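Worksheet: the structure to be examined is printed underneath.
The values are calculated or read from the model by the stated rules, or taken from the named source; none is laboratory data. Everything numeric here is computed off the predicted structure, so don't read it as measured data. All Cβ positions, glycine included, derive from the backbone under ideal geometry; neighbour counts span all protein chains shown. These area figures cover heavy atoms from the full protein model, side chains too; ligands, DNA and RNA do not enter into them. Shrake-Rupley method; radii C 1.70, N 1.55, O 1.52, S 1.80 Å.
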Amino acid sequence: MRYLTFALTKGRLASKTLELLERLGITCDEMKDKDSRKLIFVNEELKLKFFLAKGPDVPTYVEYGAADIGVVGRDTIVEEGRKVHEVLDLGFGKCRMCVCGQEEAGELLKHHELIRVATKYPNIAKDYFYNKKHQTVEIIKMNGSIELAPIVGLSEVIVDIVETGSTLKENGLVVLEEVCPLSARMIVNPVSMRMENERIKELITNLRNLVQEESHAD
């Protein structure tokens with residue numbers, strides 16, 4: 001039996017994923033060692049390997065088959081546009097992708113004016129404005145705190161992830177439109193899906209049942 005390899009997004013998504021897997025009896029004790037310098041963690045018994053990666057790299061590892069399975073936020077899947085199968089909404093890491101700005105920017109959106117949009121997610125922003133709203137905009141790719149852009153006049157609006165909205169409020173910004181809901185998703189390499197169909201399907205089914213149980217418990 002060959003190893004199935006998981007690429008997990010570093011941080012909260014990885015720890016939530018491991019909690020879920022643990023409840024299915026899939027553990028990886030090596031990953032609990034906070035001082036470990038290892039890059040790849042193995043569960044010999046179940047023939048599983050795990051490694052942690054930065055969010056945007058997870059779909060890349062999965063597309064190229066370096067990982068069979070990945071767990072990553074939906075924002076990253078859509079933005080990266082890699083050839084992977086999105087198979088399951090894991091139900092945690094919930095937030096929304098939104099168009100935000102100062103109240104008065106709402107009028108510019110209504111009237112489809114030519115505006116500047118600052119964002120870390122140019123592909124998502126482009127798709128939303130060009131294909132859904134049919135509004136021509138200038139998209140400015142940013143890396144740092146996006147909230148600054150409308151405040152200093154770099155852009156009229158921003159497209160960004162909103163969890164609680166408190167950062168927006170503190171900076172005098174509001175959600176003007178919702179682009180799409182987001183959460184952690186499980187993705188699978190298309191070739192792995194065919195080659196390891198039984199094992200992967202079983203895992204997806206067990207995880208799906210667990211996620212449904214949790215949502216009913218809430």
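Points worth noting:
- Average accessible surface for the stretch 140-200: 50 Å² per residue, computed with a 1.4 Å probe over protein heavy atoms with every protein chain in place.
- Cross-link pairs exceeding 32 Å in C-alpha to C-alpha distance, out of K38/K94; K54/K110; K38/K169; K34/K169; K47/K83, comprise K54/K110; K38/K169; K34/K169.
- Helix 197-217 and the longest principal axis of the C-alpha atoms of the chain enclose an angle of approximately 60°.
- Near L18: Cβ cut-off under 14 Å, other residues only, Lys/Arg at +1 and Asp/Glu at -1. The net charge is +2.
- Förster radius 35 Å - calculated FRET efficiency between H112 and I40, Cβ distance, rounded to 0.05: 0.10
- Folded to 0 to 90 degrees: helix 12-23 orientation relative to the chain principal axis, Cα: 30
- Among the GluC sites (Glu not before Pro) within the stretch 49-108, those in coil by DSSP and having at most 12 neighbouring Cβ atoms inside 10 Å are E103, E104.
- Ratio Rg/Rh, restricted to the chain and using Cα atoms, in which Rh is the Kirkwood radius: 1.04
- The stretch 1-140, relative contact order [Cα under 8 Å, separation at least 6], %: 23
- Once both labels are positioned 7 Å from their Cα atoms along Cα-to-Cβ, the gap between S15 and E103 label points is 3.9 nm.
- Cα-based shape type of the stretch 1-48, given that a ≥ b ≥ c are square roots of the gyration tensor eigenvalues and the cut on a/c is 1.5: oblate
- Summing Lys and Arg as +1 and Asp and Glu as -1 over all other residues whose Cβ lies under 13 Å from the Cβ of C28 gives a net charge of -3.
- Alpha-carbon centroid distance for the pair the stretch 137-197 / the stretch 1-45, whole angstrom: 27
- Accessible area per residue in Å² at 1.4 Å probe, computed on the stretch 3-68: 58
- If R0 is 22 Å, the Cβ-Cβ spacing of T167 and K132 corresponds to a FRET efficiency of close to 0.30.
- Extending 7 Å from the Cα toward the beta-carbon at both V174 and K54 defines two label points whose distance is 3.6 nm.
- Within the accessible area of the chain (1.4 Å probe), percent carbon and sulfur: 49
- Electrostatic bookkeeping for K47 treats Lys and Arg as +1 and Asp and Glu as -1; over the other residues with beta carbon under 15 Å from its beta carbon, the sum is -4.
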